[in-house]
């Protein structure tokens, strides 16, 4: 073949800005997924099953209804309450286990067993202890949040470089200086990773508790509306829970980048 | 204090912790009503009774079938989808935000919808378990396959590896340790999905044992079922950790 030297193209080829391209692909995929959902449900499922067009139709009404708002508030408040209790206890116990060998030996078995098991198995027996009340939800959410935070802070404290403590000792640091001035800040990345896990577990625990104990909240809203063939309304609450999960996750990610710019996850 | 003495001390403190825990459990159980809490000895005898009558082994088997099938499907789909997303940029860019969103969604919220679409038999429960378990495998596989050293791929390509050979000889072996981290996390999530679907869809297995004995206020049997779930979970997590450590031996770098 004769080699014709390729001349530079006269018109610059159209190249999409990478950010715009990414956004376009994501929106396109979203539309595709919604269309798939709509099509499959229309084709295969009974008419009461939730579909995007139905959800969009009921969305304004549900979101502006007082019932949905108060249910959402109850769930959000109890998740944050439980997370708060769980994180504080988790930090205290995790730090203690990480610094004191005897406490570690005493508690490790219990913490790791409860961490491994599905905690929601305890919800029914908790109704015998606390009755059909919001206490069940608070306890299970707090406990569910406590375990990952505790284990992660423990891990972080155990991995504290020995030199840090040696330097502190040579300056006659008191134990609380070592615990709260060195060990706790050094385990912050672990704490934040634990917090992400805790948030996920707290949401699952709250919804399960609402299902099984029939507590007012987004979980019960979903259960009730699904049982009365209001699947589209229920889907709105599912989306609200998903957004809550995403929001807590992004907040934790933001906090990691903002508070720990020095930390690079391996 | 020598290393050995330190170990011996923590071992004996651990044993003390176990004895103390069982003692407190026994004491509290003996001093509360039977309908709210059962003693350690009553729980152990209920466990023995349930095992001897064949009730517990049957429940265990039914739960494990659901768990194993769900975890297996979750691993296969998560692994393949993770690889495809890692290798094909447009699929990855498109799906990434939705995967992250589903990962953050409490999957229990979807159980009523799954009930409406698929009923409450085994198939629906299987879908629940898969939905719980798929995400950690997918995300860890994606992350692993994305971090393959580009030089490895270049070398393979310069020897004219086809895409399939590249997967088989470079990408999959490199990714497996990451996937196993995901598998360990998926085991925990599938257990939650298993219990949740047994509570909320057709009641079988270990979840059902908890429900029926709670309705009868028979706390000894409830606690025995919870105890056996805990033992099962600890065992499965141990297997998961073992797999992770085994595959971590050839993890590059880190």
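Just so you know, all these numbers are worked out from the coordinates, no wet-lab data involved. Given the structure is predicted, the values throughout are model-derived calculations rather than measurements. Because the Cβ atoms are built from the backbone with ideal geometry, glycine has one as well, and the counts that use them run over all protein chains shown.
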Taking every Cα atom in region A:96-137, find the radius of gyration and the maximum pairwise distance Dmax, and write them in Å. 14.3, 40
Project the alpha carbons of region B:36-154 onto their principal axes and report the range along each, largest first, in whole Å. 63, 37, 25
Arranged from highest to lowest average of other beta-carbon atoms within 10 Å per residue, in what order do the peptides B:68-77, B:45-54, A:141-150 appear? A:141-150, B:68-77, B:45-54
I need B:125, B:34 ordered by Cβ neighbour count within 10 Å, fewest first. B:34, B:125
Contact order relative to length of chain B, as percent, for alpha carbon pairs under 8 angstrom and 6 or more apart: 26
Label model pair residue A:251, residue A:14: point-to-point distance (7 angstrom along the Cα→beta-carbon line) in nm is 4.3
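With the convex hull built on the Cα atoms of region B:57-248, state its orientation-averaged projected area in nm². Mind dumping the intermediate values first?
Details: hull surface 48.5 nm².
So the mean shadow area of the Cα hull is 12.1 nm².
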Select from B:211, B:18, B:235 the residue whose mean-square fluctuation is largest in a Gaussian network model of chain B (Cα-Cα springs shorter than 10 Å). B:18
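If you average over every viewing direction, what projected area does the convex hull of the Cα atoms of the protein assembly as shown give, in nm²? Don't skip to the answer; put the middle values down first.
On the way: hull surface 132.6 nm².
Projected area, direction-averaged: 33.2 nm².
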Other chains' Cβ within 10 Å of B:117-129 residues: what's the mean? 1
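Out of every Cα-Cα pair in region A:203-260, what percent are more than 17 Å apart?
Values: 767 of 1653 pairs.
That fraction is 46 percent.
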Can you give me the three principal axis dimensions of chain A from its C-alpha atoms, in Å, biggest first? 75, 71, 34
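Taking only DSSP H segments of four or more residues, each worth -39500 (n - 2.57), what value at 222 nm results for chain A once the sum is divided by all its residues, to the nearest 500 deg cm²/dmol?
Numbers: 10 runs with 197 residues, N = 266.
Mean residue ellipticity, 222 nm, calculated: -25500 deg cm²/dmol.
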Have a look at B:13, B:226, B:128 and tell me which one the Gaussian network model of chain B (Cα, springs below 10 Å) gives the largest fluctuation. B:13
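Taking N as the number of residues in region B:118-161, what is its Cα Rg relative to 2.2 N^0.38 Å? Let's see the in-between values first.
Numbers: Rg = 18.3 Å, N = 44, 2.2 N^0.38 = 9.3 Å.
That works out to 1.97 for region B:118-161.
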Taking the alpha-carbon centroid of each part, what is the distance from region B:144-160 to region A:72-117 in angstrom? 42
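Just want to confirm a number: the relative contact order over chain A, from Cα pairs under 8 angstrom separated by 6+ residues, in percent.
Details: 287 pairs, mean separation 64.0, N = 266.
Here the relative contact order equals 24 percent.
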Considering the zone a paramagnetic label at residue B:18 would reach in this model (a point 7 Å from Cα along the Cα-to-Cβ line), which residues of region A:100-135 have amide N under 16 Å from it? A:105-114
